[in-house]
Amino acid sequence: MATRVQPRQLCRAGSAGAEALATGGAASAEGPGRPGPLQDETLGVASVPSQWRGVQGIRRETRSCQTASIATAEKAAQTRKHVDAEVQTEAPVPVSVPPTSPHDDPRLAAFLRRVEAMVIRELNKNWQSHAFDGFEVNWTEQQPTVTCLHTLGYPPAQGQGLHVTSVSWNTTGSVVACAYGRLDDGDWSTLKSFVCAWNLDRRGLNPQQPSAVVEVPSAVMCLAFHPTQPSHVAGGLYSGEVLVWDVSNPEDPLLWRTGLTDDTHTDPVYQVVWLPEPRHSHRFQVLSVATDGKVLLWQGVGAGQLQLTDGFALVVQQLPRNAKLKKPPRGETEVGATAVAFSSFDPRLFVLGTEGGFPLKCSLAAEEAALTRMPSSVPLRAPAQLTFSPHGGPIYSVSCSPFHRNLFLSAGTDGHIHLYSMLQAQPLASLQLSHKYLFAVRWSPVRPLVFAAASGEGDVQLFDLQKSSQKPTVSIKQTQDESPVYCLEFNRQQTQLLAAGDAEGTVKVWQLSTEFTEQGPRETEDLEQLAAEVAT
């Protein structure tokens, strides 16, 4: 419903309409078709379209656009950083040089002329002096005493009552190996034995648990690590065999063995040594000595076999007669070898210790055939060139000096150590160190006048000939019950270390004091003088 009102009529009848409303009458007469006063009038719906909306609708536009794809890339750049800096310094102050007096020059020249001869004479004396020869500044910490660093052992071997018969350091100086056997058993040993190795540089070292353990069917009498292969070690057995193991391969350590053939030793092997081949210095052979009188050279070949390449035999009839030797019983011709040492100056020259107590100077270049009927696949030669005066019993150890081509030491069951020269049969000096056996002697690799000995009374004795030629400088108690010390070896890489093995089945690693590891002035000259004075 819509009510239409005329605006102009409302304006004209403004006051009259109000008056009519007040009196209840109409302001004007009713016309035809019109409602009465205060009545609604129903009219048709009037619709007026909006012109503004139409105009705005026409103006509305729909737009769209497509942008190009965004490309991305990674870039790297190397820049250099430049920094400019300025420093403000103070103006330099000129140094005033005092004027020299014109009278100083002649006085100075006269003084130099007076002292010239004296200064030249003193300079010549200092230049010819040898007071500081061999002196080297040592920046390492001083070690005042000999101390025990490690006590190593293998309980299963110790439980069988086995002895440590040999010790050896590998080429790096970080691994020490020992052989287990027995030196007091005169019968063929049937007990299994062991070769054990400890890496002393390994973290968490267990002294009772070796880094490597090799089981061996017979007692092991000697060991020697390879000169260049850190894990290869050769050993000689009580049965006469020679074997080579790789201790880094615990599953199958055996590399080569001689086997039981006519070439194999028939007596216990008491020492093995690695030697470079004559024509191939990077390849090595194993030399073995035994109490059957044979010195044999072995070469590793395929199929795990050690093949005999050269050999020597010691026969009483072919020994030089420059020493008084006991006449052997009828039918006995072979001389048992118990120890060997090679010269540091001549690779063909070596010294043998024998069961008869006399050392023998020998050569690998010997050509005389040995007068023996011992079976061999290669011709055996007679190596002896000089027989030295004997000990009072069998020799257990010999050692050639690394600082003098003619000097060597020997130790025997008579408790004596003899110092020999290669140039004469009589010993230069004889030292009684024990009332029991001496089982090992070794020259120091760094001190020309120092050596160590292992005694049957349980001691390791260190000698410094610069201090005393008759008494040990230090005597170390290795075993508490005075059971024998059978072997010892200096470490050539870590020269402050010395390993010794004993009858209790233990290996002790000793750290030497500084006095045994630092060479003093004129020490080499003193060694030369010792050899020259006594040998004349």
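For every residue, the table says whether it meets (1) open to solvent by 40 Å² or more (accessible area, probe 1.4 Å); (2) assigned to a strand (DSSP E or B).
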| site | (1), (2) |
| --- | --- |
| Pro445 | no, no |
| Pro448 | no, no |
| Glu457 | yes, no |
| Lys467 | yes, no |
| Lys471 | yes, no |
| Gly501 | no, yes |
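Quickly run through the range 433-443 and pick out the residues that are open to solvent by less than 10 Å² (accessible area, probe 1.4 Å) and over 11 Å from Gly415 (Cβ atoms).
Passing the criteria: Ala440, Val441.
Anything in the range 519-530 that is part of a loop (DSSP other than H, G, I, E, B) and surrounded by fewer than 18 Cβ atoms within 10 Å (Cβ to Cβ)? List them, or say none.
Within the range 519-530, Gly520, Pro521, Arg522 qualify.
Of (1) in a strand (DSSP E or B); (2) over 25 Å from Val509 (Cα atoms); (3) open to solvent by 10 Å² or more (accessible area, probe 1.4 Å), Gln461 satisfies all except one. Which?
Result: Gln461 fails condition (2) only.
Among Pro207, Pro227, which is the only one that is over 19 Å from Thr171 (Cβ atoms) and either free of Cβ contacts under 8 Å to residues at least 12 places away in the same chain or surrounded by fewer than 20 Cβ atoms within 10 Å (Cβ to Cβ) (or both)?
Matching residue, one of Pro207, Pro227: Pro207.
Looking at the range 185-202, which of the residues that are in contact with a strand residue (DSSP E or B) (Cβ under 8 Å, 6 or more places away or on another chain) and at pLDDT below 90 is most open to solvent (accessible area, probe 1.4 Å)?
Top of the filtered list is Lys192.
Val216: out of contact with any Lys or Arg (no Cβ under 9 Å at 6 or more places or on another chain) and closer than 22 Å to Asp502 by Cα, yes or no?
The answer is no for Val216.
Here is a yes/no grid of residues against (1) farther than 25 Å from Leu419 by Cβ; (2) surrounded by fewer than 24 Cβ atoms within 10 Å (Cβ to Cβ); (3) among the basic types (Lys, Arg); (4) free of Cβ contacts under 8 Å to residues at least 60 places away in the same chain:
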{"position": "Ser281", "(1), (2), (3), (4)": "yes, yes, no, yes"}
{"position": "Leu296", "(1), (2), (3), (4)": "yes, no, no, yes"}
{"position": "Gly311", "(1), (2), (3), (4)": "yes, yes, no, no"}
{"position": "Gln318", "(1), (2), (3), (4)": "yes, yes, no, no"}
{"position": "Thr333", "(1), (2), (3), (4)": "yes, yes, no, yes"}
{"position": "Asp346", "(1), (2), (3), (4)": "no, yes, no, yes"}
{"position": "Thr354", "(1), (2), (3), (4)": "no, no, no, yes"}
{"position": "Ala365", "(1), (2), (3), (4)": "yes, yes, no, yes"}
{"position": "Ala369", "(1), (2), (3), (4)": "yes, yes, no, yes"}
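Could you check how many residues of the range 462-488 are under 28 Å from the mean Cα position of the chain (by Cα) and closer than 18 Å to Pro448 by Cβ?
Count: 4.
If I filter the range 275-304 down to residues being in a strand (DSSP E or B) and over 30 Å from the mean Cα position of the chain (by Cα), which single residue comes out as farthest from Ala382 (Cα to Cα)?
Ala290
When you scan the range 394-434, how many residues do you find that are closer than 24 Å to Val167 by Cα and of a type outside the set (A, V, I, L, M, F, W, C)?
Summing the residues that are closer than 24 Å to Val167 by Cα and of a type outside the set (A, V, I, L, M, F, W, C) in the range 394-434 gives 14.
The values are calculated or read from the model by the stated rules, or taken from the named source; none is laboratory data. All values reported here derive from a predicted model rather than from experimental measurement. For neighbour counting, all protein chains shown are included, and Cβ atoms are generated from backbone atoms with ideal geometry for every residue, glycine included. The protein model used for the area step is the full one, side chains on, heavy atoms only, and it has no ligands, DNA or RNA in it. Shrake-Rupley method; radii C 1.70, N 1.55, O 1.52, S 1.80 Å.
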